[in-house]
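Undergrad: Structure below; questions to follow.
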Amino acid sequence: MFGSVGFPELLFIFIIALLLFGPRQLPSIGKSLGRALAEFRRASNDFKRTIEEEVAADEIKGVEQEIKKTVSEVRDAAKLDDSGPAGEAGADKDGETAEAGKSGDPQRGGE
């Protein structure tokens, strides 16, 4: 709890505080010290939480930018694929559009 401060050190600090402040003031000083430590702990936890939230927000922004970049690349690739070899949008490798196969003609792939 106190790091490198062991029981003998705490006992020494308690005896010095008892001699300096007396037995009447020692409980109020202990309460004040306890409140100060609790407030410090609360503030440090709030600070830690704020830092963690900011780091998470930065990670989310980074992922969002990656997704936008990927979507842009996919759209660019789709635009290149739509132009096709004959320059017609939606044309297959024989130069026929997708609508031609739906005509009902069995030779053209329709039923």
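Undergrad: Give me a count of the residues in the stretch 14-42 that are under 44 Å from the mean Cα position of the chain (by Cα) and not hydroxyl-bearing (Ser, Thr, Tyr).
TA: Here the count works out to 13.
Undergrad: Across the stretch 43-79, what is the number of residues that are over 30 Å from ILE13 (Cα atoms), under 24 Å from the mean Cα position of the chain (by Cα) and aliphatic (A, V, I, L, M)?
TA: 8
None of the figures in this text is laboratory data; all of them are computed from the coordinates on show. Everything numeric in this text was worked out from a predicted model, so none of it was measured.
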